[in-house]
Amino acid sequence: MDLHLFIPEITLAVFAVLVILIDLFVRDKSWLRLVSLSGLVIAGGIAVAMWKGLDCEMPRYLFNSMLAVDEFALFFKMLFAGIAFLVILASTDYVAKFSRFQGEYYALILLSTLGMMLMASAADLISLYIALELTSVSLYILVAFLKDRKSTEASLKYLLLGAIASAVLLYGMALVFGATGQTQLGAIAQSVQSMSISSITGNPALLMGIVLMIAGFGFKIAAVPFQMWVPDVYEGAPTTITAYLSVGSKAAGFAIILRIFYSAFGMPDWLSTNWGTIFAVLAVISMIIGNVVAIPQTNIKRMLGYSSIAQAGYLMVGLATLGFASAASIQGQSTVLFFLASYALTNLGAFIAIIAISDKIESDNIDDYAGMGKRAPLLALALTFCLVSLIGMPPAAGFMAKFYIFSAAAQNDLLWLVVIAAINSVISAYYYLRVVKVMWLGKPASEEKVPSSGAPRFALFVCCLGVLLLGIIPGLVMRLSEIASRLISF
């Protein structure tokens, strides 16, 4: 067994345990942050080295083909390591709210990142479910870390609804296993392709299994009608964890959806067209409801919660494209991967600015951001830039992300979906720019400046620089996305 291919995951597991042990013996808790960051740097660096050394024509497998090691998995491992790194940097000041539990906080972030990496590599329904639960349980606990009424309520709601979603997903997997006799994705694909059209259409267990899996994953990516947990959890959770949830959990969900539906259910073409239609319908509903309900929100975390629902809709335009494109096309996958990278930098940047501002003014109400352009001009400028990117305006990364994903959809006869998505992007400008207006034109309640330490500022700088570079020179990341997309095969 090529166990060295499993080193990024082993590294995170070892460092998570190390953080807990160090927490028992050191009084200076800043060491916990340094150890956690070191673990993520090592794991991400190993993933980069593995990308360069992997044979692009021959994906590798571990544990009896339960995990795949290919460029697709490595792309997401680097992405997850980067997301967790930035979240921990942004937590430098925020962890004072739960100073007694910093060891558990950092360890759980590392363990949830480990689960996300395993999700991206999962090539079997069993390994997928184990990775999903490792990620979910860690996040359930992190949401409750403030231990106040809102945080506890958010965690309980997330736990109960997450358990229902997991049960639905597991039932769908059981039906697929019953219909095909396989749990390994490549074997499921071979079984499905060997069936005639009448055999598939006359097999309600298989079709219901696919539908239930879409429903289960719909919860993880916050797609309508499975989004009911989002606003309360986003508002009640620690803001750093809200940022982590909004990008990490969503990216992991889309990673496994791409692998399962392309690898296991990508053929025959009529089957992929049908699940592509389901994702197209979910995309429309998610974009409309997410954007319309975000308009009246007065809490910025709730507003970005509904915004994330709409962003899931834009991403599902790419999933619909994947269903309608030919089996040899990589447009659907590569545009989703590029969108996820852009969205991760953009949303993290927005939340890091919000963390710095809200921690000082002790409020998440949009009206209380009035005059931030005078009190904290750099933070206000960074937040403005990230909100502009979420709208999809140049020169930010969001513009290129939407351009790629909408172009791919239009080329695969989904112009009607692109038109709806474009209209929704215009609608979203109202509530994003309302925040900008309040910050720059509103009257400040105080002249007191809004300070922040160097680590969050550095994390914010990295995010904004990444958003700018992906908006101006997107070629490198798009090329990496295309290479990763070619490897979703068995």
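Here, each number is a calculation from the coordinates, and none is a lab measurement. Please read these numbers as outputs of a predicted model, since none were measured by experiment. Backbone-built Cβ (ideal geometry, glycine too); neighbour counts: all protein chains shown.
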Next item on the list: Treat each spin label as a single point 7 Å out from the Cα along the C-beta direction, and report the Trp31 to Val292 distance in nm.
Entry: 5.6 nm
Checklist line | 5 angstrom amide H check on Leu67, placed H, neighbours 5+ away | finding: Leu62, Ala123
Next item on the list: Excluding residues fewer than 8 places away in the same chain, name every one of the lysines whose C-alpha is closer than 26 Å to that of Lys301.
Entry: Lys97, Lys147, Lys150, Lys157, Lys220, Lys250, Lys360, Lys374, Lys402, Lys437, Lys443, Lys449
Next item on the list: Pop the C-beta distance of Lys443 and Asn365 into the FRET formula with R0 = 22 Å and round what comes out to the nearest 0.05.
Entry: 0.90
Check: Under the Karplus relation 6.51 cos²θ - 1.76 cosθ + 1.60, θ = phi - 60°, what is the ordered set of whole-Hz ³J(HN,Hα) values for the stretch 454-465, x standing for Gly and Pro?
Finding: x, 5, x, 5, 5, 4, 5, 4, 4, 4, 5, 5
Next item on the list: Take Trp440, Trp229 and order them by how many other Cβ atoms sit within 10 Å, fewest up front.
Entry: Trp440, Trp229
Check: From the residues Ile357, Ser166, Met228, which one has its Cα farthest along the dipole of the chain in the positive direction, the dipole being from +1 and -1 charges on Cβ of Lys/Arg and Asp/Glu about the Cα centre?
Finding: Ile357
Next item on the list: Figure the gain on full extension for Lys150 and Asp2 (residue separation times 0.36 nm, minus the Cα-Cα span) and round it to one decimal in nm.
Entry: 48.7 nm
Check: Over the stretch 3-485, what relative contact order in percent results from Cα pairs under 8 Å that are six or more residues apart?
Finding: 15 percent
Next item on the list: Please order Glu482, Glu362 by the number of other Cβ within 10 Å, starting at the fewest.
Entry: Glu362, Glu482
Next item on the list: Assign unit charges at the C-beta atoms only (+1 for Lys and Arg, -1 for Asp and Glu), then state the dipole size of the chain relative to its Cα centre in Debye, rounded to the nearest 20.
Entry: 880 debye
Notebook entry, point to check: What is the gain in length, in nm to one decimal, between Ala167 and Leu465 on full extension, counting 0.36 nm per residue of separation less the C-alpha to C-alpha distance?
Noted result: 103.2 nm
Checklist line | DSSP loop trypsin sites (Lys or Arg not before Pro) with at most 12 other Cβ within 10 Å: longest gap in the chain | finding: 148-448
Notebook entry, point to check: Could you give me the ³J(HN,Hα) list for the stretch 90-98, computed from phi with Karplus coefficients 6.51, -1.76, 1.60 and θ = phi - 60°, whole Hz, x at Gly and Pro?
Noted result: 5, 7, 3, 8, 5, 5, 4, 5, 9
Check: Kirkwood-based Rg over Rh for the stretch 3-485 (C-alpha set), two decimals?
Finding: 0.96
Check: By counting other Cβ atoms within 10 Å of each Cβ, how are Leu465, Leu348, Leu271 ranked from fewest to most?
Finding: Leu465, Leu271, Leu348
Next item on the list: Calculate, in nm to one decimal, what Val41 and Ile423 gain on full extension: separation in residues at 0.36 nm each, minus their alpha carbon distance.
Entry: 133.5 nm
Notebook entry, point to check: What value, in deg cm²/dmol to 500, does the helix sum -39500 (n - 2.57) over DSSP H runs of n ≥ 4 give at 222 nm once divided by the residues of the chain?
Noted result: -25000 deg cm²/dmol
Note to self: What are the ³J(HN,Hα) couplings of the stretch 403-415, residue after residue, when phi is run through the Karplus curve with 6.51, -1.76, 1.60 and θ = phi - 60°? Round to Hz, x for glycine and proline.
What the structure shows: 4, 5, 6, 6, 4, 4, 5, 5, 6, 10, 6, 10, 4
Margin query: Taking R0 as 22 Å, what FRET efficiency do you get between Lys52 and Ile473 from their Cβ-Cβ distance, rounded to the nearest 0.05?
Written below: 0.55
